[in-house]
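Student: I'd like to ask some things about the structure below.
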Amino acid sequence: MNRDHLPAPTPQRRQCVQALGAFTLLSALPAWAARTRNPEPDASTLALWPHDSRVPGGVARLSLGPSPQRPKVTTGDSQVLVLGDVIEWTAIVGIPLSASVGEHHANVQTDKGTRSLDYQVRSKKYTEQRLTVSPKTVDLSPEDNARYEREREHQQKVMASFSEPFARAADLHMRVPVPGRRSSSFGLRRIFNGQSRNPHSGMDIAAATGTPVTAPLPGRVIDVGDYFFNGGTVWLDHGGGLLTMYCHLSKVDCKVGDELKTGEAFCKVGATGRVTGPHLHWGVMLNRTMVDPALFID
């Protein structure tokens, strides 16, 4: 996995631009106007953003160059988190676990117009686990399936949330929300009775029931619920399409609309939903795509 970081604008470049003192001169810089491909960042820089890992389930950090206003970036029909300043903007793009290997595109809209930005996705092999279990463990009854479909529709609306990036969004390095052993990693593919299931879309952290869960970044509570698979669940919005989810909770100590500070406790570990023991399932989402939480903490 590539752990390289996006290079920060040099002090010399910033001083030069500030000395020019006009956006008209900024727009004359050729750094982004002719760029059609976005190479992977080299090693010199900010450790406050997620690691650049251009694989399925990873994150691509795409340099957008200077612009007097924050560019709007989309991939598919989803808006992308954009951070930086007038001298250098960066798109933080979540890559779906289902993404194919090869060239992908993001659309960039600025005051200069719209352009396509290309980047490459490499292959990654995640761990597989083959299990033989009782069919009733994996096959839903008609009633349970109907409940799941209702809840899935609601969850899709929650996942579509997009708010302005928070003022402190320059720092996306997350605190692990609960102490404990990582009992299941992101991307794990389980095969039950010979049938492949969706890969694991988060990180499981083993902890005792009742262990407090804390916010990894400042955020706003946008959903609280009790769902068939996920049990007690909370979603937090960290701005710009960056969301986090917390599942299988035994207790929720927050409500929709609450604003949380980094490190503030808001729920407790449990074993609710379709699980066999207490743990926290922690998910991280960018542009409606679940990505590897380890990229934000390691």
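Student: How long is the gain from R122 to S141 if the chain were fully straight, where each residue apart is worth 0.36 nm and the alpha carbon distance is subtracted?
Tutor: Result for the pair: 3.0 nm of gain on full extension.
Student: Check L81: other-chain or 5+ apart residues with amide H under 5 Å from its amide H, H built from backbone geometry?
Tutor: So L81 has HN proximity to I92, N287.
Student: Sticking with this structure for a sec: Putting +1 on Lys and Arg Cβ atoms and -1 on Asp and Glu Cβ atoms, find which of V269, G231, Q129 reaches farthest to the positive end of the dipole of region 128-297.
Tutor: The Cα lying farthest towards the positive end belongs to Q129.
Student: A further question follows. What are the ³J(HN,Hα) couplings of region 247-264, residue after residue, when phi is run through the Karplus curve with 6.51, -1.76, 1.60 and θ = phi - 60°? Round to Hz, x for glycine and proline.
Tutor: 10, 6, 6, 8, 8, 10, 10, 8, 9, 4, x, 5, 10, 10, 9, 4, x, 7
Student: Given +1 on the Cβ of Lys and Arg, -1 on the Cβ of Asp and Glu, and no further charges, what dipole in debye does region 128-297 carry about its Cα centre, rounded to the nearest 20?
Tutor: Roughly 420 debye, rounded to the nearest 20.
Student: At 0.36 nm per residue, and after removing the present C-alpha to C-alpha distance, how many nm does the segment from A265 to A160 gain when stretched out fully?
Tutor: Separation in residues times 0.36 nm, less the Cα-Cα distance, equals 35.3 nm.
Student: What shape does region 128-297 have by the C-alpha gyration tensor, where a ≥ b ≥ c are the square roots of the eigenvalues, rounded means a/c under 1.5, and otherwise prolate means a/b greater than b/c and oblate the rest?
Tutor: Prolate is the answer for region 128-297, as a/c is 1.5 or above and a/b outweighs b/c.
Student: Now for a separate question. So which lysines can K72 reach, going by Cα to Cα under 23 Å and dropping same-chain residues fewer than 8 places off?
Tutor: K112, K157
Student: Order the peptides 224-232, 53-61 from the highest to the lowest mean number of other Cβ atoms within 10 Å of their residues.
Tutor: Packing order, densest peptide first, comes out as 53-61, 224-232.
Student: In region 187-222, which residues have a backbone nitrogen under 20 Å from the label point lying 7 Å from D253's Cα in the Cα-to-Cβ direction?
Tutor: Residues passing the 20 Å test: 205-222.
Student: How far apart, in nm, are the 7 Å Cα→Cβ label points at D298 and D85?
Tutor: With each label placed 7 Å out from Cα toward Cβ, I get 3.2 nm.
Student: Tell me, what ³J(HN,Hα) does each residue in region 104-119 have, in order and in whole Hz, if you take phi through Karplus 6.51 cos²θ - 1.76 cosθ + 1.60 with θ = phi - 60° and put x for Gly and Pro?
Tutor: 10, 9, 10, 9, 10, 10, 10, 5, 8, x, 10, 9, 9, 10, 9, 8
Read the figures in this text as sums done on the coordinates, not as results from a lab. Computed from a predicted model, the values in this text were never measured in an experiment. Virtual Cβ from ideal backbone geometry, glycine too; neighbours counted across all protein chains shown.
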